[in-house]
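Rule-based calculations on the coordinates, nothing more; no lab input. In this text the structure is predicted, and so the values were computed from the model without any measurement. Reconstructed Cβ throughout: ideal geometry from the backbone, glycine too, with neighbour counts over all protein chains shown.
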Amino acid sequence: MLIDQSQSLQNVAVVGLGKIGLTLAAVFANNGYKVVGADINKEVVTSVNQGKSHVNNEPGLDQLVLHAHKNNTLSATSVTTEAVAHSDIIVVIVPVLVDDQNNVDYQFIDSAVHDIAKGIKKGSLVIFETTLPPGDTKNRFGKKIEELSGLSMEKDFHLAYSPERVYSNRILEDLQNYPKVVGGLNRQSLELASNFYKRALDCNLIEVSSLETAEFSKVAECVYRDVNIALANELAVFAEEKGVNMAEVITASNSQPYSHLHSPGIGVGGHCIPIYPYFFIDKGLDQGLTPMSRQINDNMANYAVSKIEKEIGSLENENVLILGLSYRENVKEPTKSTSLLLIDQLKNKKANLLINDPLFTDSEIQKYGANPLSLEDSFVSEIDVVILQAFHQEYSHLDFSKFSKCKLVLDGRNKLNEHEISQLGIKYKGIGN
C-alpha cells in the first residue's frame, strides 16, 4: 500500500552543512520549514546554533542564518540519526570525491547514509543533492537504507534526486535563477519532491523521467565544461605555435551565435569539473573525449612550467611565487587546485617555491609544502618568476615594480596588464598568446 500523499511535510533535515548545505538549510528555514542541519563538524554545529554562518563570501547568507535562528526555524546537531528521526524530508548534500587514483570516494556519504537509515521513519522523503554517478541514488543508497532500516522504497519511504547547480559566491542568486532538475523513484516521489522545492525555493523546475536522468544531467554539465575548456587549452597551445593570439580568436569566433569557445587557462580545479567526469569514466566511459579532456587540462600545469623553462632556462634555485593557492578567484578552496600540480612540478625542478593567497593563513599554506609570502614582505624583490593561478581581487592592482629582479610573469588566467608588466622590463607570458 502506498503512503498517503496528503501527509504534511514540514520538518526538514539537511545532512551536510557545507557552503551549499548551510545555504539550502537557511533558505528552507526562511520559507516555512523547521530545519535541523546535521554535520560531523562540531564547530559548524555550534556556529549555526549561535545564529552564525561559518561560510564566508556568500552574499545574504549571514542574514538568512541569523533570521532563521531568531525565528527558531534553524538549528544544528552532530547526531544525524536524531535529525532524521524528527524530520519528514531529508536532504543529503554530503560530498563525493575521487581519491589520488581518481576512483570515486564514497566514505563521507556512505557514513551519512548509514546514519540516515538508522533514523528514518515511514513516510519520509529522502532527496539527494550531492552529485552522484548515475544509478547511485537508488542502487547504492536507496538499497542501503532499505537494508539497514527494514523499510522499503516506494512502500515505506520516497526517494528523489535533485542536483545542486550553484556556484560559490553566488549560491543564493543561482538558486533563484537556475531551474531545479528533479527526478523521482516513481511518480509519487517526484511529485512530493517537486512540491517541496516549489515551496522551499520558489524556483522553476525541470521534472525528468527518472533518478538516473537527473543524476546523469548534472555530471553531463560538468563534462561539457571540462571538454570545452580542454578544447580551448588545446587550441591555445596550437595558437602559440602559429603566433596567433587566442583571446582575439575567441572574441572573433564567439561573435557567431553557435560558437561558445571557453577561455584557456593554466588548469581546472574545484569540487566539480576535475572530479565529476570520473563518475562517468569509472562507470565505463573510459574512451573518447571525456578522459582525454581530463588529461589535457591536468597537463596544463606541466605546459606552464615548460613555458617558463623555455624563457629563462633551469628553475633550480630560482625563487618562484605562485599567486593563489585556491582553485579559482575569490574563493577559499584548494580542492584539485592547479596550484597543487604546480607545487609538484616546481619541487621536481628544485625551485624555491613560495605562495601568496590572501584567503589562507601562513600555516594553511605550509600544509601544502610551500612557503607563504606576504606581498608586503621585502623578499618580493628577490622573486625570479611569478605565476598567476587564481586571480583574486587583491591582485587586480598588483604593483609589479616591487618585483625588481623578476624575469618572467606567467599569467595563467590571462587577467594581468601585459603592457604595465612589460614596461617594467619583465617578460610577460599568458596562455594562448
Just to verify a number: FRET efficiency for N317 and M292, C-beta to C-beta distance, R0 = 41 Å, to 0.05? 0.70
Please sort 17-30, 260-273, 45-58 by packing, taking for each peptide the average over its residues of neighbouring beta carbons within 10 angstrom, highest first. 17-30, 260-273, 45-58
Distance (nanometres) between label positions extended 7 Å along Cα→Cβ at S111 and D344: 2.5 nm
Which FRET efficiency value, to the nearest 0.05, do you get for E191 and N139 by plugging their Cβ-Cβ distance into 1/(1 + (r/R0)^6) with R0 = 22 Å? 0.50
Please work out how much length the chain gains when fully extended from S378 to Q10, using 0.36 nm per residue of separation minus the C-alpha to C-alpha distance, in nm with one decimal. 126.6 nm
Ordering of 385-393, 103-111 by packing [mean C-beta count within 10 Å, highest first]: 385-393, 103-111
Under a cut-off of 19 Å between alpha-carbon atoms, report the lysines in cross-link reach of K242, not counting same-chain residues fewer than 8 places apart. K307, K310, K429
Hey, which aspartates and glutamates would be in cross-link range of K155, C-alpha to C-alpha under 19 Å, not counting anything within fewer than 8 residues on its own chain? D4, D88, E146, E147, E191
Which pairs break 24 Å Cα to Cα here: K336/K405; K19/K180; K143/K198; K122/K180; K19/K198? K336/K405; K143/K198; K122/K180
Global geometry of segment 11-209, whether rounded, prolate or oblate, following the gyration tensor of its Cα atoms and the 1.5 cut on a/c: rounded
Considering segment 280-433, what Rg and Dmax in Å follow from its alpha-carbon atoms? 15.8, 53
Segment 342-433, Rg to Rh (Cα coordinates; Rh as Kirkwood inverse mean 1/r): 0.94
Alpha-carbon Rg with Dmax, taken over segment 201-306, Å: 16.2, 51
Sites matching trypsin sites (Lys or Arg not before Pro) across segment 236-312 that sit in DSSP coil, with at most 16 neighbouring C-beta atoms within 10 Å: K242, K283
Compute the distance in nm between two label points, each set 7 Å from the Cα along the Cα-to-Cβ direction, one at T251 and one at E82. 6.0 nm
Label-reachable residues, segment 73-111, where backbone N falls under 16 Å from a point 7 Å from K283's Cα toward its Cβ: 96-98, 103-106
When the convex hull of the Cα atoms of segment 39-95 is projected onto a plane and the area is averaged over all directions, what value comes out in nm²? 4.4 nm²
Rounded to whole Å and sorted largest first, list the principal axis extents of the Cα atoms in segment 98-189. 40, 37, 21
Alpha-carbon Rg/Rh ratio, for the chain, with Rh computed the Kirkwood way: 1.02
With a 10 Å radius around each residue's Cβ, average the other Cβ atoms per peptide and rank 205-215, 122-132, highest first. 122-132, 205-215
Here the FRET efficiency for H260 versus N103, based on Cβ atoms and R0 = 22 Å and rounded to 0.05, is 0.10
